[in-house]
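Participant: Before we start, here is the structure in question, set down as structure tokens.
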Amino acid sequence: MAQITAALVKELREKTGAGMMDCKKALNETAGNVEEAIDWLRTKGLATAAKKSGRVAAEGLVGVATAGNKAAVVEINAETDFVARNEQFQQFVEDAAKVALTTGDDVEALKNATMENGKTVAENLTSLIATIGENMTIRRVRVLEVGNGVVGSYIHGALRPTVGKIAVLVALEAPAASADLEDLGRKVGMQVAAVRPIALKIEEVSSEELEREKAIFVEQARASGKPDNIIEKMIDGRIRKFYEEVVLLEQLWIHDGESRVKAVIEKSGSKLVAFERFHLGEGIEKEESDFAAEVAQAAKG
């Protein structure tokens, strides 16, 4: 049996919000497997959060650039939040996003592309690292484009109009671009930033994700002691609810609390074909340090 350490219990608590003893019991029941422990807690009704993709730990910024019916989003990481406040770094993120409009989704292609000063993106990043004194990396990039219509954008936690902590791109196909369509794209972007869908439509939800949710629903339903025919209806209802929570087109429109996103899109005469959401540092774990110990060590030095 795996050793259930305090650090493991702490990690599970942070991911689920469950109590310490419940987390410890869940880890004991699942031989120390954190992901299985999350499911165990959810089955018992002790954790309501969906699968976490990792605590946001890396620093830096995400940035967007738009040009007509195309938009790009990049994430550039740094070691501390101080760098995000640096105007040189902010400008670099903005400029890198503009370059990405021509290089596409390939990080290496972006690094090798030339910027306005004649140097490559990678060379400019190296110079910035030398100037600021922190390591920085270009983590990911995504470009969306439509034949006709707009690719709207939204920045949350903005330090500048095009850089911040969360960036969303929304691709809307329509006969022509318009101010109303751009406004709709921004509002859908706010929806994605706030409610965090995992798929555009039901068909895009992975079979693994669906089966995982079904397994949890089945265990919860059986624990109720109800007959099988009632359990089957309960599970069907829970699956529908699950889709309404994680599928963008099925979600409740946050701007009025009544409509569904798909109804809003249909009324606009456009078609929502894709979205992308970059949350700074999502999925990256950063080693935690003991600040007091670091200060004490520095004092000894």
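The values are calculated or read from the model by the stated rules, or taken from the named source; none is laboratory data. None of these values were measured; they are calculated from a predicted model. Cβ sites come from the backbone with ideal geometry, for glycine too, and all protein chains shown count toward neighbours. What goes into the accessible areas is simple: the full protein's heavy atoms, side chains included, and nothing from ligands, DNA or RNA. Shrake-Rupley method; radii C 1.70, N 1.55, O 1.52, S 1.80 Å.
Participant: Just how far, in whole angstrom, is region 10-42 from region 133-173 if you go by their alpha carbon centroids?
Facilitator: If you average the Cα positions of each part, the centres end up 34 Å apart.
Participant: What residues have an amide H closer than 5 Å to that of GLY60, excluding those fewer than 5 places away on the same chain, when H is modeled at 1.01 Å from N in the peptide plane?
Facilitator: Counting only residues 5 or more places away or on other chains, the set is ALA78, ALA84.
Participant: Which of LEU41, ALA221, VAL188 sits closest to the plus end of the dipole of the chain, meaning its Cα is farthest towards the positive end, when Lys and Arg get +1 and Asp and Glu get -1 on the C-beta?
Facilitator: ALA221
Participant: Excluding ligands and nucleic acids, what accessible area in Å² is computed for ARG85 using a 1.4 Å probe, to the nearest 10?
Facilitator: 150 Å²
Participant: Now a separate question. Compute, for HIS279, the solvent-accessible surface of its heavy atoms (probe 1.4 Å) with the complete set of protein chains present, and express it in square angstrom to the nearest 10.
Facilitator: Ignoring ligands and nucleic acids, HIS279 comes out at about 40 Å².
Participant: Also, quick follow-up: Can you compute the charge dipole magnitude of region 99-193 about its Cα centre, using +1 on each Lys and Arg Cβ and -1 on each Asp and Glu Cβ, nothing else charged? Give it in debye, rounded to the nearest 20.
Facilitator: In total the dipole reaches around 340 debye.
Participant: Name the residues whose placed amide hydrogens come within less than 5 Å of the amide hydrogen of ASP106, ignoring near sequence neighbours (fewer than 5 apart) on the same chain.
Facilitator: Here nothing satisfies the definition.
Participant: If r is the Cβ-Cβ distance from LYS267 to ALA158 and R0 is 41 Å, what FRET efficiency results, to the nearest 0.05?
Facilitator: For LYS267 and ALA158, the calculated efficiency is 0.90.
Participant: To the nearest 0.05, what FRET efficiency results for GLU203 and THR120 with a Förster distance of 51 Å applied to their C-beta separation?
Facilitator: Computed FRET efficiency for GLU203 and THR120 comes out at 0.80.
Participant: With Kirkwood radius over Cα pairs in Å defined as stated, name the option among [x] 21.1; [y] 19.4; [z] 21.8 computed from the structure displayed.
Facilitator: Among [x] 21.1; [y] 19.4; [z] 21.8, the one derived from this structure is [z].
Participant: At 20 °C and a viscosity of 1.002 mPa s, what translational diffusion coefficient does Stokes-Einstein give for region 164-284, taking Rh as the Kirkwood radius over Cα pairs? Give it in µm²/s as a whole number.
Facilitator: 133 µm²/s
Participant: With Cβ to Cβ distances under 12 Å as the rule, what net charge do the other residues near LYS98 carry (K, R +1; D, E -1)?
Facilitator: With Lys, Arg at +1 and Asp, Glu at -1, the net is -2.
Participant: With label points built 7 Å along Cα→Cβ from the Cα atoms of ILE254 and LYS233, find their separation and express it in nm.
Facilitator: The modelled label-to-label distance comes out at 3.4 nm.
Participant: Follow-up question, since we're still on this one. Restricting to DSSP H runs of at least four residues, report the calculated mean residue ellipticity at 222 nm for the chain, -39500 (n - 2.57) per run over all residues, nearest 500 deg cm²/dmol.
Facilitator: Dividing the helical sum by the residues of the chain leaves -14500 deg cm²/dmol.
Participant: Follow-up question, since we're still on this one. Take GLU211, GLU250, GLU258 and sort them by solvent-accessible surface of the protein heavy atoms, 1.4 Å probe, largest at the top.
Facilitator: From most exposed to least exposed: GLU258, GLU211, GLU250.
Participant: Also, quick follow-up: May I ask for the net charge around ALA158, where only other residues with Cβ less than 12 Å from the Cβ of ALA158 are counted and Lys, Arg are +1 while Asp, Glu are -1?
Facilitator: With Lys, Arg at +1 and Asp, Glu at -1, the net is +1.
Participant: How large a share of the accessible area of the chain, in percent, is made up of carbon and sulfur atoms when the probe is 1.4 Å and the other protein chains stay in place?
Facilitator: Its accessible area is 49 percent carbon and sulfur atoms.
Participant: Per residue, how much accessible surface does region 207-278 expose to a 1.4 Å probe? Answer in Å², no decimals.
Facilitator: On a per-residue basis, region 207-278 sits at 60 Å².
Participant: In a shell of Cβ-Cβ distance under 11 Å around VAL168, excluding VAL168 itself, what net charge do Lys and Arg (+1) and Asp and Glu (-1) give?
Facilitator: +4
Participant: Heavy atoms of the protein only, probe of 1.4 Å, neighbouring chains included. What is the accessible area of GLU219 in Å², nearest 10?
Facilitator: For GLU219, the solvent-accessible surface is approximately 90 Å².
Participant: About its Cα centre, what dipole magnitude does the chain give when the only charges are +1 on Lys and Arg Cβ and -1 on Asp and Glu Cβ, stated in debye to the nearest 20?
Facilitator: 640 debye
Participant: Using the Karplus curve 6.51 cos²θ - 1.76 cosθ + 1.60 with θ = phi - 60°, what ³J(HN,Hα) values do you get for each residue of region 10-15, in whole Hz, with x for Gly and Pro?
Facilitator: 4, 4, 5, 4, 5, 7
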